[in-house]
Every structure is written in C-alpha cells, then in structure tokens.
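Report on the structure given below.
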Amino acid sequence: VHELELDSMASLRLLAVVEKRFDVRFPDHLLGEYRTLQKLIDFISTAQEEAS
C-alpha cells in the first residue's frame, strides 16, 4: 500500500493482518496491485461478496 509509505515488510505484515481479520486471501501475483487503501477496500468487499 504505497499511499501509506510502508516498506515492503510492513506492507506484507499489513496484508497478513487484513487477510486474517477479514478472512480473505490476496493472490500472491497481485500483491503489488493494491497501491491505495481504496483498492485494498475494493478487493476485500469483492472477496467477501463472492464468499457469501
């Protein structure tokens, strides 16, 4: 998540927390695509809708 100005390790930790908290899984090949919080939120929303 580039807009938070996190280094790569902090970004991975954030994504791990988000995966656990929201019960979603980020495809490894797309991790670099989530550059903004909005893209992250959109992914979570879509993943949760598909799981329902």
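Annotations
- Conditions (1) at pLDDT 90 or above; (2) among the hydroxyl-bearing types (Ser, Thr, Tyr); (3) within 8 Å of the chain's Cα centre (by Cα); number of the one not met by Ser45: (3)
- Residue in the range 20-35 that is of a type in the set (Gly, Ala, Ser) and surrounded by 12 or more Cβ atoms within 10 Å (Cβ to Cβ) present: no
- Among the residues listed as Ala47, Ala51, Ala16, Ala10, the single one being aliphatic (A, V, I, L, M), out of contact with any Asp or Glu (no Cβ under 8 Å at 6 or more places or on another chain) and surrounded by fewer than 12 Cβ atoms within 10 Å (Cβ to Cβ): Ala16
- Residue count for the range 9-38 under the criterion of being part of a helix (DSSP H, G or I) and at pLDDT below 85: the result is 6.
The values are calculated or read from the model by the stated rules, or taken from the named source; none is laboratory data. In this text, all values refer to a predicted model and were calculated from it rather than measured experimentally. Glycine also receives a Cβ, built like all others from the backbone with ideal geometry; neighbour counts cover every protein chain displayed.
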